[in-house]
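Values quoted throughout were computed directly from the atomic coordinates according to the rules given, and no laboratory measurement underlies them. In this text the structure is predicted, and so the values were computed from the model without any measurement. Heads up, the Cβs are rebuilt from the backbone with ideal geometry, glycines too, and the neighbour counts pull from every protein chain shown.
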Amino acid sequence: MELNDVVRTTFAARDYTGEPLSDETLYDILETARFAPSGGNRQGNRVIVVRDAETRNSLAELAVPAAKRYMAQINLGESPWNAVVPTKATPEQIEATPAAGLLTEPFRAASVVLVFVVDLKVVASMDQDLDRVGIVSGASVYPFVWNVCLLARQAGFGGTITTLAIAQEPKIRELLNIPPDFGVCAIVPMGKPVKQLTKLRRNPVEDIAVYERFDGDAFTKD
Ligand SMILES: Cc1cc2nc3c(=O)[nH]c(=O)nc-3n(C[C@H](O)[C@H](O)[C@H](O)COP(=O)(O)O)c2cc1C
């Protein structure tokens, strides 16, 4: 596939045929994905390749509480898990809301689940003293994660970047023996997608790019 087509069609794959994604194919994906950049080239990324069904089941269960809140907020028309606008969902509402299967079942159905962690002792966090939620640290991690997703797409496989279970990071740490100085960044179930989506819903360039200043005119070709 052309790079352009890969970038335009790498979707969140959550339904898998059951066809295995072999260690050999996964190795090739990681072998190329590792060329992703990181702040200062510190390369604090590690990835845990989880195939064990019981562990994948535990990861699915760990996503449930966050998935319940996610769905409760969706039902209220909120942006789930946003750190700026507080939720109006009560603990009782959250508890009474079921976790949608699409947020938990991919871990059980996947051929493999990749757990991406980063060494917090080397990751660069230039926004650490700002009065807002941290964003910059993720930039040393997600290029690698997304490379894996793109390369999996090219190889005919697919997955979804997931983060819900990370709300329970201490339990993931215990489950996978992750040391305290590593943070969990993404949990990516992968397999052979039942359907390959080719048209993704994304905002046009004119809605996301502007000239010169934030309040500048929309960026266009002409
Ligand atoms: C940072 C991030 C966190 C995400 N967390 C979850 C998650 O916890 N569970 C999930 O099912 N999907 C998760 N997603 C997947 C998004 O919902 C998905 O990429 C988005 O809806 C676009 O889907 P599409 O490519 O199929 O159009 C996450 C995606 C990103 C980039």
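Applying a DSSP loop filter and a limit of 14 other Cβ atoms within 10 Å to the chymotrypsin sites (Phe, Trp or Tyr not before Pro) in the range 20-112 leaves PHE35, TRP81.
Out of the trypsin sites (Lys or Arg not before Pro) in the range 147-218, which ones are loop residues according to DSSP with at most 12 other C-beta atoms within 10 Å? Before the final figure, lay out each step's value.
On the way: sites: ARG153, LYS171, ARG173, LYS195, LYS199, ARG201, ARG202, ARG213; in loops: LYS195, LYS199, ARG201, ARG202, ARG213.
Filter output for the range 147-218: LYS195, LYS199, ARG201, ARG202, ARG213.
With the contact rule set at Cα under 8 Å and sequence spacing of 6 or more, what percent relative contact order holds for the chain? About 33 percent, as a whole number.
Among SER58, SER79, which comes first, second and so on when ranked by fewest other beta-carbon atoms within 10 Å?
Values: SER58 19, SER79 11.
Listed from fewest to most nearby Cβ atoms, that is SER79, SER58.
A dipole drawn for the range 3-208 from +1 and -1 charges on Cβ atoms has a positive end, and of PRO20, PRO37, ALA186 the residue lying farthest that way is PRO20. Kindly identify the chain as rounded, prolate or oblate by the Cα gyration tensor criterion: order the square roots of the eigenvalues as a ≥ b ≥ c, call it rounded if a/c is under 1.5, otherwise compare a/b with b/c, prolate if a/b is larger, else oblate. Rounded is the answer for the chain, as its axis ratio a/c remains below 1.5. Computed over the alpha-carbon pairs of the range 1-110, the distance histogram in 10 Å steps reads 11, 28, 32, 24, 5 percent, short to long. Net charge near PHE107: determine it from the other residues with C-beta under 11 Å of the C-beta of PHE107, scoring Lys and Arg +1 and Asp and Glu -1. Charge balance near PHE107 sits at +1. Per-residue ellipticity at 222 nm from helix content only, as computed over the chain with -39500 (n - 2.57) for each DSSP H run of at least four residues, stands at -10000 deg cm²/dmol.
For chymotrypsin sites (Phe, Trp or Tyr not before Pro), the sites in the range 176-222 that DSSP calls loop and that have at most 13 other Cβ atoms within 10 Å are TYR211, PHE214, PHE219. Decide, for the range 87-204, between rounded, prolate and oblate: order the square roots of the alpha carbon gyration tensor eigenvalues as a ≥ b ≥ c, take rounded if a/c falls under 1.5, and otherwise choose prolate if a/b is larger than b/c, else oblate. Rounded, since a/c falls under 1.5. Computed about the Cα centre, the dipole magnitude for the range 3-208 is approximately 340 debye when only Lys and Arg (+1) and Asp and Glu (-1) carry charge, each at its Cβ.
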